[in-house]
């Protein structure tokens with residue numbers, strides 16, 4: 001059975017946690033979901049991001065999601081791939097040294113990595129996008145460029161693959177990013 005490590009945290013986008021977690025488990029991939037400062041059994045609060053005519057998305061309360069592993073106890077070599085959720089969580093989980101260390105491990109060892117929406121902020125903080133083509137939520141595009149990556153603008157339901165890395169701008173891309181990530185996992 002393949003194993004994937006998933007980074008999440010309070011106010012991660014609901015669909016970007018729930019859908020990949022359930023879809024990967026459904027196809028026989030075990031997913032350990034972790035968050036800095038929390039342990040297995042703790043719950044994170046998710047947020048639902050929607051577009052209702054404002055200049056940017058609005059944020060509504062989502063579901064509680066129960067973590068099933070502790071960040072302090074995981075090792076990169078125990079996993080076949082990494083999945084980085086989006087929403088607001090990446091802006092603060094990227095400040096955790098172990099999150100950065102694990103992100104670098106997966107990228108440097110050419111293991112499959114998926115990042116959606118604002119999850120790309122973890123990749124830029126880990127300095128792992130230099131010379132890579134990727135997409136993200138459009139507001140994160142400048143971060144990609146400043147980190148030495150090539151930002152590719154695609155529709156929200158699409159994904160971009162560059163070697164071991166697959167990215168998508170937002171939750172409408174769940175199908176595309178998951179199909180590509182599962183291919184990368186083998």
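The values are calculated or read from the model by the stated rules, or taken from the named source; none is laboratory data. All of these numbers come straight from a predicted model, not from anything done at the bench. All Cβ positions, even for glycine, are placed from backbone atoms using ideal geometry, and neighbour counts span all protein chains on display.
Odds and ends about this structure:
- Of all the residues in region 168-183, those that are under 18 Å from residue 15 (Cβ atoms) and out of contact with any helix residue (DSSP H, G or I) (no Cβ under 6 Å at 6 or more places or on another chain) number 10.
- So residue 16, is it under 25 Å from residue 170 (Cβ atoms), outside any loop (DSSP other than H, G, I, E, B), free of Cβ contacts under 8 Å to residues at least 12 places away in the same chain and in contact with a strand residue (DSSP E or B) (Cβ under 9 Å, 6 or more places away or on another chain): no
- Hits in region 21-56 - residues which are touching a helix residue (DSSP H, G or I) at 6+ places or on another chain (Cβ under 6 Å) and farther than 21 Å from residue 101 by Cα: 23, 46, 48
- Going through (1) touching a strand residue (DSSP E or B) at 6+ places or on another chain (Cβ under 6 Å); (2) in contact (Cβ under 8 Å) with a residue 12 or more places away in the chain one by one, residue 145 falls short only on (2).
- Scan of region 34-58 for residues that are free of Cβ contacts under 8 Å to residues at least 40 places away in the same chain, in a strand (DSSP E or B) and under 21 Å from residue 176 (Cα atoms), ordered by number: 48, 50
- Scanning region 37-61 for residues that are crowded, with 18+ Cβ neighbours inside 10 Å and modelled with pLDDT of 95 or more turns up 38, 44, 46, 47.
- Filtered residues of region 59-75 (kept if more than 16 Å from the chain's Cα centre (by Cα) and either over 24 Å from residue 156 (Cα atoms) or touching a residue at least 24 places away in the same chain (Cβ under 8 Å) (or both)): 59, 62, 63, 64, 66, 68, 69, 70, 72, 73, 74, 75
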